[in-house]
Amino acid sequence: MMVEEKENFSFEEKLAELEKIVNNLETGEVSLDDAIEEFKKAMVLVKECDEKLNSAQEAIAKIVNNNKEVVDFEIKE
C-alpha cells in the first residue's frame with residue numbers, strides 16, 4: 001500500500017503503520033534499499049501526524065467558558 005493512499009487514514013491508523021515500520025526496521029532483516037523506502041514512508045507519516053497534532057492543539061487552544069466567551073487555553077508542562 002502506498003503512503004499516498006494513507007492520506008485518509010486516521011491518526012491512530014497512521015501511528016499503527018509507523019509502529020509496523022519501526023518494528024520492521026528494528027529487526028535488521030530488511031535490505032538497505034527497502035530500509036530507505038520504509039524510512040521515507042515513515043517520515044511522510046510523521047509529518048502528517050505532526051500536522052494533525054498541531055491542528056488539534058490549535059482547536060483545543062480555544063475553549064468556550066460558561067459565558068460563551070472564547071478564551072485562550074494553555075497547557076502547562
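The values are calculated or read from the model by the stated rules, or taken from the named source; none is laboratory data. Just so we're clear, the structure is a prediction, and the values are computed from it rather than from any experiment. Note that each Cβ is placed from the backbone with ideal geometry, even for glycine, and that neighbours are counted across all protein chains shown.
Assorted remarks:
- Test for LYS62: is it in contact with a strand residue (DSSP E or B) (Cβ under 8 Å, 6 or more places away or on another chain), basic (Lys, Arg) and modelled with pLDDT under 85: yes
- Which listed residue is within 9 Å of the chain's Cα centre (by Cα) and part of a helix (DSSP H, G or I), from GLU19, GLU38, GLU48: GLU48
- For the condition hydroxyl-bearing (Ser, Thr, Tyr), at pLDDT 90 or above and within 21 Å of the chain's Cα centre (by Cα), SER55 does not qualify.
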